[in-house]
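Trainee: Structure provided below as structure tokens; questions to follow.
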Amino acid sequence: MMQQILQDMYTDPELLSELNEEQKQILFYKIREEQVRRWNERERRDPSHALKKKSESRVHFWLLGSHGEVWVWVMGEALGDKPFEDIVEELMEERARKQAQQEQCEEEERQRGEEEIRQTEERRAKELYISLKQEEKRNERDDKEWQEQCERTNRMGKKMGSLAALKQSSLFLFKFLSASHSATLQGVWIRPPRPNSRESIIRWFKDEQRPRRAGYERSSNTIAPWFHGIISRQESEALLANAADGCFLVRVSERIWGYTLSYRTTSGFKHFLIDASGDYYSFLGVDQNRHTTLADLIDFHKVSGNFCLPGSTITPWGMRNIDVALV
């Protein structure tokens, strides 16, 4: 490829855009070297060309002073010139003024960037708050329906007044309470509307999440370094306290059927809920992207930087020996 470029003395723009700065410098040096080689070769083949060019060159005359020698002007010493020190001082002042203007422009640009980040975080927090409020209303509605169903069942038992009706009512209540307290009925676990105990969370993870390889690396049976099982918000912040901006971990949520992503920012910590109640994974209420596995969601946002501050580097945390019931 290099021989072809030197022969044609031409580089395709698309090829040139793929080279880094060091490669570009080497290429330009080789082209210049080839130009000099061709010039020297031409001069050797046709010496008359060099003589003709030399004979046609212009004649220069130097301006002479009153003493008959070539006139030389030394800055700062001629009549009417400013002293050399004053000229240097003016140049330094001009350079300082330009540097101050540049720093002012950079500071204004940085402030605008910080304001945009702050507004983005406020919008995201507001969206998450709305999502949590909606989830709370749904839970209240489920509780109200459960209470109404219990009342209807009690009224039915009193009205019928027979043993068969009481047995049917008791069986219905037993099924519904089993679903709400993560119990088993005929070997099948019925998931309640939301987590109500640590045992129910462990059961949910074993029955539904571990078969989907939640918390594992994408292409191996190794636990992902960012996955920390069931830990509290305070424990996650303690782990991230001395970490660099952008470091994160994922923990099992105790509020919803899903997970919580906790990560370190310049101003503190951020916590975002990951919905895993369906057959996909996505950030609760604020993200339209749905992912097949938890590892897919993490890898997607690590590449796109959706939960990483601009300029920061995401560094996964190592595993620690917590909650062996989930591992």
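The values are calculated or read from the model by the stated rules, or taken from the named source; none is laboratory data. None of these values were measured; they are calculated from a predicted model. Every residue, glycine as well, gets a Cβ built from its backbone with ideal geometry; the counts of neighbours run over all protein chains shown. Keep in mind that these areas ignore ligands, DNA and RNA; they rest on the heavy atoms of the full protein, side chains included. Shrake-Rupley method; radii C 1.70, N 1.55, O 1.52, S 1.80 Å.
Trainee: Region 8-50 to region 101-155: how many Å between their Cα centroids?
Mentor: 62
Trainee: Skip the ligands, DNA and RNA, and give the accessible area per residue of region 61-102 with a 1.4 Å probe, whole Å².
Mentor: Value returned for region 61-102: 98 Å² of accessible area per residue.
Trainee: Can you compute 3J(HN,Hα) from phi for each residue in region 248-256, using the Karplus curve 6.51 cos²θ - 1.76 cosθ + 1.60 with θ = phi - 60°, rounded to whole Hz and x for Gly and Pro?
Mentor: Karplus-based 3J(HN,Hα) across region 248-256 equals 8, 8, 10, 10, 6, 6, 9, 10, 9 Hz.
Trainee: While we're looking at this one, here's another question. I want to check the label-to-label distance for ARG112 and MET156. Put each point 7 Å from Cα in the C-beta direction and report it in nm to one decimal.
Mentor: For ARG112 paired with MET156, the spin-label model returns 6.7 nm.
Trainee: Among 18-28, 249-259, 60-70, 211-221, how do they line up from the highest to the lowest mean number of other beta-carbon atoms within 10 Å? Please report the intermediate quantities before stating the final value.
Mentor: Details: 18-28: 10.7, 249-259: 21.8, 60-70: 7.7, 211-221: 13.6.
Final packing ranking: 249-259, 211-221, 18-28, 60-70.
Trainee: Right, next: If you roll a 1.4 Å probe over the heavy atoms of the protein chains, what accessible area per residue do you get for region 217-270, in Å²?
Mentor: Each residue of region 217-270 exposes 42 Å² on average to a 1.4 Å probe.
Trainee: If each of ASP12 and PHE28 carries a label point 7 Å out from its Cα toward its Cβ, how far apart are those two points in nm?
Mentor: A separation of 2.2 nm, rounded to one decimal place.
Trainee: In addition: Report the gain in length on full extension from GLU103 to TRP39: 0.36 nm times residue separation, minus Cα-Cα distance, nm rounded to one decimal.
Mentor: Values: separation 64, 0.36 × 64 = 23.04 nm, distance 4.75 nm.
Stretched fully, the GLU103-TRP39 segment lengthens by 18.3 nm.
Trainee: Which part of region 73-110 falls in the paramagnetic zone of LEU63, meaning amide N under 20 Å from the point 7 Å along Cα-to-beta-carbon?
Mentor: Counting only backbone N, you get 73-84.
Trainee: OK, next. What nm value, rounded to one decimal, do you get for the distance between ARG95 and GLN134 when each label is placed 7 Å out toward the C-beta?
Mentor: Each label point is offset 7 Å from its Cα along the Cβ direction, giving 6.0 nm.
Trainee: With the Cα gyration tensor of region 197-263 giving a ≥ b ≥ c as the square roots of its eigenvalues, does the rule (a/c under 1.5 for rounded; else a/b larger than b/c for prolate; else oblate) give rounded, prolate or oblate? Each step should come with its number before you reach the end.
Mentor: Values: a/c = 2.73, a/b = 1.30, b/c = 2.10.
Note, shape of region 197-263 comes out oblate.
Trainee: Leaving out ligands, DNA and RNA, what percent of the accessible area of region 1-151 is carbon and sulfur, probe 1.4 Å?
Mentor: About 53 percent, which is the carbon plus sulfur part of the accessible surface.
Trainee: Report the net charge of residues surrounding ARG255, where surrounding means a beta-carbon distance below 9 angstrom and charges are Lys +1, Arg +1, Asp -1, Glu -1.
Mentor: Net of charged neighbours comes to -1.
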